[in-house]
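Here the structure is laid out as structure tokens; the discussion comes afterwards.
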Amino acid sequence: MPTPPMPPPPTPTPTPRKEFPAFPFAPYPIQAEFMSFLYAALSSGPGALALLESPTGTGKTLSIICSALQWLLDRRDAAATAPAHPGGGAGPGEDDDEPDWMRDFTPLPPEKEVAKKKKKAKPPAMRKTAGSGKPDGFGEQSAGDDDGEFLLEEFESDGEDGAMRGVGKRTHCGSSSSSEGESDEEEEEEVTPKVYFTSRTHSQLSQFVGELKRTEFAGRIRTVALGSRKNLCINKDVLKLGSANRINERCLELQKNKKTSKTKVEEDKRKARQAKNSCGCPMLRNRSLQKEFRSEVSDQGALDIEDLAHIGKKIGTCPYYGSRDMVRSADLVVLPYQSLLLKSARESLGLNLKNSIVIIDEAHNLADSLTNMYNSKITSSQLKAVLSHLDAYLNRFHDVLGAGNRRYIQTLTVLTRSFLRVLINNQDGASTMSSMTINQFLFSLDIDNINIVKLCQYVKESNVIHKVSGYANKITSIQAGVNQFDLQQEHDEGSSISCFQALVDFLRSLMNSNDDGRIIVAKQKLSGQPEEAYLKFVMLCAEKILSEVTRDAYAVILVGGTLQPIEETRLRLCPSLPPADIKFFTCNHIVPPESILPIAVTRGPSGMTFDFSYNSRSSPSMIEELGRFICNIVTVVPEGVVMFFSSYDYERHVYDAWTTAGTISKICKKKHVFREPRNSADVEAVLNKYKETIQSCSKNSQDTGINGALLLAVVGGKISEGINFSDGMGRCVIMIGLPYPSPSDVELIETIKHIETISSSFLVGDDKASGRKYDDECELQPGYNILRKCTKGGREYYENLCMKAVNQSIGRAIRHINDYAAMLLVDSRYAQTSSSKSYSSPTDKLPQWIKARLSCAQNYGEVHRLLHQFFKFNKQKR
Ligand code: SF4
């Protein structure tokens, strides 16, 4: 945990609050406890970090809203009525009884902090050439004046001779898929300390706003939701590009056109007229419409992304930029992870976390979510594309480019060539996958003398990506005989700008500290396998990313259905913070115990022991026994059954075997069978059909004998997270085996090694284990060997990954207090007790509300009897 913004009070004095009047009905006891705990955590002073877990369906979102926003208002009321004490110290007349947290806020102007005037930084030495704005002689080039738009303005290095000088000071710098330097000069405005609520998906944010609307805060709190351009863009020409990348790129291109148009006016009136046609986005040209947008949004209270898009369309102004403009005056900002947790995105949006509350929802995998955001990858084909575009550009403009531009572009070419060489150089045909630290990578390629920091700064300031890509697109379109716009639509990930962006993201990753991550080198395979060679930076250090948030924010709250194991969460996110300093709240589910039936199923109907470990799961007899089991289950379970497999490949293997053996036909006599599609675009249609089938079967089952539907799904697929299987959609969830991730996954092994290192450094007391050392550079050993070498932290992490996936999947079925569902954990390993192994039993990692009800069935008859009783009881009860 980093140093908090202000020294914490010697003895935190939380201000207890038991009443939360904004809650729209009488809260259940666990909801009241949740709200009181969160309120007290916020009151405990600056630098607070609290973890709150509450199972899905317990009214967690409403509880967050009614406690955090109440705290914000209470704090303001207190600050407004607190006596002023100039100088900020404990002046004469200060009330000794005033809580410390209130005193900490009082030095600030009530509700407001003046935002610093933010000017867009000008390139330090970027200047126009005197006169025409382009170097002498350009006009004589054989390609004619038409290429002038692709010529870079002259660029001089900042007091140093280009990028080929010593390794610059490395600073932590996140990668971002979009560098947004497009914001206009901002007017001086006031910033209010606020609550930032962030979640992973668009639908989770919409759900939050929906819950907010149920409370009185919807009209009292100034709320703004931030979405992506893909969700908010209303420029039809841009929107029809389809992918988020292309929409971002096109919007940024439009903004850049807008900025360069003034120069063009000065240099050439004819060109100015041409440029005006592409000057900026028409949805941003009218400032009064933006004002109207802000005014209407303010009047309407809490709005979600769809509402904002609707208002933007109605008024005819961009809701993406309109909502961004409202952040500074908002009390509550609702935004996706990427916008808040990526440093570059925060800076681009101008988010000021100082004195604000940050609430991170769905935090069950926060460490991995954080590190994944900072990963970067570039493939060999992207490198080839960049190289050919740079070569073409240099060929065309070499003689007319200024020395600075020429040197930096040549440096980019050198780097790209080096990266490509390491990927295709696999003469010995040995292991194609290796990992190394950043320094080892730079030394091995002999590029450690290149100043990556300066190079990235050049890329950011010079507009080189757009110039080189624009020229490449022009040449390609001439050769292909199509217009540039169509060409861009055809290529998305492979578009010139995307390839350049991948290179820039990868270069930025190289600016991280040596221990922050690893470079994965996946070389071309000689045997001609289809996988493409690539370089990937894998971020390992989640602590560093979160610390940038906790350092600025007044308090950070992590919320999730389950945040267990807390020790792993602490180790990965804030290892230097003593366990006692983390405030932790957990509660049971609000559903009564008799509404769930978790069973560890060890044997099938013919008595065969279920073992779905990697070596046994594909045996024909195991798949046959599983088929017999499911044929029985579908007769006793009503409505919907969701069955989770460990991978798409295994699901297909089982489905094919069952089809051949006639098992699917037998199942279809009782339930229609659906399969999770691999393509995300098809998921909604399959789920709708699954739901409709269950609903129609519940009306007609007497006639047809079919009592519902069976959905074959995949752990970690499209359905295991974020989709509700409430009520009849999921009366039974079946987990086949233990879904351990593949131990041959290079990134996983690197993460495990990293966790081993930090756990040996930060474990306390008796838990402190003798740390093991791993080679920094290694041909990756088979994952099992690494796992065997692990002490505690690494292996725990590996097991936790598996059980978190199980918990996410089975937790889909219970979504509200009147819901009920059975949960079948099919594998004899679920029946192992802690004492039978040197490490913990898988079921030790189940949420407490499930673990407390878990029974272990030694034969199928017992499973059938328990299910029959369970559904009979719950049907009668309702
Ligand atoms: S300014 Fe707004 S409407 Fe225009 S392209 Fe960008 S996101 Fe779309």
Placing each pseudo-label 7 Å from Cα in the direction of the beta carbon, Q300 and E347 end up separated by a distance in nanometres of 3.4
M823 accessible area, nearest 10 Å², 1.4 Å probe?
-> 0
Quick one: net charge around P593, please, counting Lys, Arg +1 and Asp, Glu -1 for every other residue with C-beta under 15 Å from its C-beta.
-> +1
Could you list, in their original order, any pairs among K474/K523; K845/K875; K544/K792; K454/K753 whose Cα atoms are separated by more than 24 Å?
-> K474/K523; K845/K875; K454/K753
Toward the positive end of the charge dipole of region 355-411, about the Cα centre and with charges on Cβ (Lys, Arg +1; Asp, Glu -1), which of L383, N405, N395 goes farthest?
-> N395
May I ask you to derive the FRET efficiency for E149 and R675 from their Cβ-Cβ distance with R0 = 51 Å, giving the value to the nearest 0.05?
-> 0.50
Using a 1.4 Å probe, how large is the accessible area of H389, given in Å² and rounded to the nearest 10?
-> 40
For the pair S444 and Q524, how long in nm is the line joining their label points, each one 7 Å along Cα→Cβ?
-> 1.8
With a/c under 1.5 counting as rounded, go ahead and sort region 296-406 into rounded, prolate or oblate using the C-alpha gyration tensor (a ≥ b ≥ c being the square roots of the eigenvalues; past the cut-off, prolate if a/b is larger than b/c, else oblate).
-> prolate
Tell me, in nm to one decimal, what length is gained between T635 and K354 on full extension, where the rule is 0.36 nm per residue of separation less the Cα-Cα distance?
-> 95.3 nm
Gap in Å between the Cα centre of region 404-478 and the Cα centre of region 577-625?
-> 47
Full extension from S618 to K851: what is 0.36 nm times the residue separation minus their Cα-Cα distance, to one decimal in nm?
-> 81.0 nm
Per-pair calculated FRET efficiency, R0 = 51 Å: D74 and N372 via Cβ, rounded to 0.05 | 0.90
Going highest first, how would you order 737-747, 659-669, 62-72 by mean Cβ packing within 10 Å?
-> 62-72, 737-747, 659-669
Stretch D682-K291 to full length: gain in nm at 0.36 nm per residue minus the Cα-Cα span?
-> 136.8 nm
Loop-located trypsin sites (Lys or Arg not before Pro) in region 495-597, at most 15 other Cβ atoms within 10 Å (DSSP) = K525
In this structure, the FRET efficiency calculated for R220 and D649 from their beta-carbon separation, with R0 = 51 Å, to the nearest 0.05, is 0.45
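The values are calculated or read from the model by the stated rules, or taken from the named source; none is laboratory data. Model, not experiment: these values are computed from the prediction. Methodologically, a virtual Cβ is constructed for each residue, glycine included, from the backbone with ideal geometry; neighbour enumeration extends over all protein chains shown. These area figures cover heavy atoms from the full protein model, side chains too; ligands, DNA and RNA do not enter into them. Shrake-Rupley method; radii C 1.70, N 1.55, O 1.52, S 1.80 Å.
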